[in-house]
Amino acid sequence: MKRNTRIVAALLVFVSSAILLASVVCTWAIANGASMKWRLLFRALYHGIPQRCLELWNVPMPICARCTAIYAGVIAAVLLFPLLPRIPEIKARWVLAIVATPMFIDGITQLAMVRESTNLLRIETGLPVGAALAFWALCAVESHVLSTA
């Protein structure tokens, strides 16, 4: 793996892990008597609708099940990237588009109130998107050639 790819991989894992860890710590704190208002720290980026969040210690996490799965998918893809065959960036982009389609359909049908999604479905659609997103980013960096002009 190229140096730039390792840097991007480390950044992806750091950000994803930090958000997941902060979410778990917030949930643990609330489960141990802290105010539910601590969830508001996440509201700038996440809707935090309790029914759409996974529960730890009988407390809903401040980020939804889909976002949790996306971050987990990013981490998994970065860890597996050295073992995966390299493909051109454009093909990785197509893979991302294909695996994002079920998540898009799930989100749109839920938004249109056609049906209510489940946390299991949110995880099943979020995990591959997170993995494909990280794989695409790493393929793009790995295949990038700097011009010397």
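The values are calculated or read from the model by the stated rules, or taken from the named source; none is laboratory data. Predicted, not measured: the structure shown is a model, and the values here were computed from it. Neighbour counts run over all protein chains shown; Cβ positions are idealised from the backbone, glycine included. Note: areas computed on protein heavy atoms with side chains; ligands, DNA, RNA excluded. Shrake-Rupley method; radii C 1.70, N 1.55, O 1.52, S 1.80 Å.
Given the conditions (1) without any contact (Cβ under 8 Å) to a residue 24 or more places away in the chain; (2) surrounded by 13 or more Cβ atoms within 10 Å (Cβ to Cβ), and given that Arg43 satisfies all but one, which numbered condition is not satisfied?
Condition not satisfied by Arg43: (2).
List the number of the failed condition for Gly48; all other conditions in (1) within 30 Å of Arg115 (Cα to Cα); (2) touching a residue at least 24 places away in the same chain (Cβ under 8 Å); (3) out of contact with any Ser or Thr (no Cβ under 9 Å at 6 or more places or on another chain); (4) not polar (S, T, N, Q) hold.
Only one criterion in (1) within 30 Å of Arg115 (Cα to Cα); (2) touching a residue at least 24 places away in the same chain (Cβ under 8 Å); (3) out of contact with any Ser or Thr (no Cβ under 9 Å at 6 or more places or on another chain); (4) not polar (S, T, N, Q) is unmet by Gly48, namely (2).
Which of the following residues is hydrophobic (A, V, I, L, M, F, W, C), at pLDDT below 95, open to solvent by 70 Å² or more (accessible area, probe 1.4 Å) and outside any loop (DSSP other than H, G, I, E, B): Ile63, Ile98, Ile90?
Values: Ile63 fails: open to solvent by 70 Å² or more (accessible area, probe 1.4 Å); Ile98 fails: at pLDDT below 95.
Testing whether each residue is hydrophobic (A, V, I, L, M, F, W, C), at pLDDT below 95, open to solvent by 70 Å² or more (accessible area, probe 1.4 Å) and outside any loop (DSSP other than H, G, I, E, B) leaves just Ile90.
Would you mind stating whether Val25 is under 26 Å from Leu121 (Cα atoms), open to solvent by 60 Å² or more (accessible area, probe 1.4 Å), in a helix (DSSP H, G or I) and of a type outside the set (Phe, Trp, Tyr)? Please lay out each step first, then the result.
Working: under 26 Å from Leu121 (Cα atoms): yes; open to solvent by 60 Å² or more (accessible area, probe 1.4 Å): yes; in a helix (DSSP H, G or I): yes; of a type outside the set (Phe, Trp, Tyr): yes.
Judged against the criteria, Val25 is a match.
Matching residues to (1) free of Cβ contacts under 8 Å to residues at least 40 places away in the same chain; (2) polar (S, T, N, Q); (3) in contact with a strand residue (DSSP E or B) (Cβ under 9 Å, 6 or more places away or on another chain):
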site	(1), (2), (3)
Arg52	no, no, yes
Pro62	yes, no, yes
Arg66	no, no, no
Pro82	no, no, no
Arg86	no, no, no
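Just to be sure before I move on: is Ile30 under 19 Å from Leu127 (Cα atoms) and surrounded by 20 or more Cβ atoms within 10 Å (Cβ to Cβ) in the structure I sent?
On the way: under 19 Å from Leu127 (Cα atoms): no; surrounded by 20 or more Cβ atoms within 10 Å (Cβ to Cβ): yes.
When the stated conditions are applied, Ile30 does not pass them.
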